[in-house]
1. For the list (1) in contact (Cβ under 8 Å) with a residue 60 or more places away in the chain; (2) touching a Phe, Trp or Tyr at 6+ places or on another chain (Cβ under 6 Å); (3) not polar (S, T, N, Q), I need the number of the one condition that V62 fails.
2. Of everything in the range 326-341, what is assigned to a strand (DSSP E or B) and within 26 Å of Q159 (Cα to Cα)? Give them in sequence order.
3. Quick check on my filter: what residues within the range 174-209 are surrounded by 21 or more Cβ atoms within 10 Å (Cβ to Cβ), part of a loop (DSSP other than H, G, I, E, B) and in contact with a Pro (Cβ under 8 Å, 6 or more places away or on another chain)?
4. Assuming S294 fulfils every condition listed in (1) under 21 Å from the mean Cα position of the chain (by Cα); (2) under 16 Å from V206 (Cβ atoms); (3) modelled with pLDDT under 95 apart from one, which condition is it?
5. Which one of E354, E371 is at pLDDT 95 or above and out of contact with any Ser or Thr (no Cβ under 7 Å at 6 or more places or on another chain)?
6. Taking the residues in the range 210-223 that are touching a Lys or Arg at 6+ places or on another chain (Cβ under 9 Å) and assigned to a helix (DSSP H, G or I) as candidates, determine which candidate is surrounded by the most Cβ atoms within 10 Å (Cβ to Cβ).
7. Please go through the range 316-333 and pick out each residue that is surrounded by 20 or more Cβ atoms within 10 Å (Cβ to Cβ), within 21 Å of R122 (Cα to Cα) and at pLDDT 95 or above.
8. Checking the structure you have, find out if any residue of the range 88-98 is crowded, with 19+ Cβ neighbours inside 10 Å, under 30 Å from P334 (Cβ atoms) and at pLDDT below 90.
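The values are calculated or read from the model by the stated rules, or taken from the named source; none is laboratory data. No experiment lies behind these values; they were computed from the predicted model shown. Please note: Cβ atoms are built from the backbone with ideal geometry, for glycine as well, and neighbour counts cover all protein chains shown.
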Amino acid sequence: MTQPRNNRPVICQVLHSLDIGGAEVLADGLARHLSDRFRFVFACLDNVGSLGERLRADEFPVGLVNRKTPGIDWKCGFRLAAFFREHKVDVVHAHQYTPFFQSLVSRLSYRRPPIVFTEHGRHFPDSRSAKRVAVNRLLLRSDDRLFGVGESVRQALIQNEGLAGNRVEVIYNGVDLAPFSAVRQDAELRREMREELGLNETQFVVLQVARLNPLKDHLTALRAVERLANADSDNASPPRHVRLLLAGEGEERASIERFIRDRNLERHVTLLGARHDIPRLLAAADAFLLSSVSEGVPLTLIEAMAAGVPVVSTDPGGIREVIVDGESGLLTKPGDDAGLAERLDCLSDSSFKERICQSAFEVAHDRFLLEKMHTQYRDVYETLSLPASCRGSRLKREPQTTT
């Protein structure tokens, strides 16, 4: 039964920032889709970001905690505790490890809200820290709920954070697939977008949607495109003019631009900046590329699969939970620009391309539906927002893994 609007449990989502990224989009979606049952507030450790400003404009409270150092900032935890008190928070939902750690530290001065922790991906290289393990074990409570967005992320939490295996569950990220499915095989939209982007039908258009961040390893993607461009100039088969579209912003932009200039790739690479029309961009693409060295279960792959665009990707983290190599996409090891180029070239086989696109479309709709993910988190919030004395029987009925 829907709560009266003035009596809804308060969920505070804690993030590094609300710049646009997978975790941030998920948090935004939870607030908008479950606001009939819960009241959502947001606490940002580092900056509010463009998505945060949009949430503020839509009257969601968004606070900035101002973490002072990139490492452990004990005072940040106390400021978080004050924010939880001010907003009478019933459940904290921390996205990624640092927001989770700071939420745990808040318990040194305010113990009330249980914590939901969702780990979206892991840093590369990933390693165990005795200090983190000690804090996790000291401040974690029995009613906290811990989730990885895939099995590989779950295993990393167990092995590197010292979290008990029976405590860590899986909830796969969900995507609103309707806008992406709608552009599948839309020839008119494809023509329109290619014209808008200055592309023609003879060009082989590769789209990459990712923050311009070292973990996304855009330079490997650029080297792969350079290989294809050189093959084109040598009249290799299939002859075509490759164009890579990079959608995203971040701290690596200057180095990416420098690489493009140094390798004379201006004719083959276009930096689009931050975009809010990804389904339309996918309509123009012949392939979707991901070159990351570290990933959880990336939403962008699922979006491309739903849009009917074949995926070529490196395979760190949870990628293989999304893509079966040779069946629903094509994979190679991180840093392998030659492998990426070779696999992009395989898409010239139209029957093979159609087969993997159909398989990928089915996987996206079977495993990564937005409604399924929202229902799973809704059930977690509802359980944890009950009075503590009422949670025991409810928790016992819930499974230890949610997949």
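1. The one condition V62 does not meet is (1).
2. Within the range 326-341, L331, T332 meet the criteria.
3. Once the filter is applied, which keeps residues that are surrounded by 21 or more Cβ atoms within 10 Å (Cβ to Cβ), part of a loop (DSSP other than H, G, I, E, B) and in contact with a Pro (Cβ under 8 Å, 6 or more places away or on another chain), the range 174-209 yields only V183.
4. With respect to (1) under 21 Å from the mean Cα position of the chain (by Cα); (2) under 16 Å from V206 (Cβ atoms); (3) modelled with pLDDT under 95, S294 is out only on (2).
5. Exactly one residue qualifies, and that residue is E354.
6. So, considering only residues that are touching a Lys or Arg at 6+ places or on another chain (Cβ under 9 Å) and assigned to a helix (DSSP H, G or I), the one surrounded by the most Cβ atoms within 10 Å (Cβ to Cβ) is L222.
7. Residues satisfying the conditions are I323, L331, T332.
8. no
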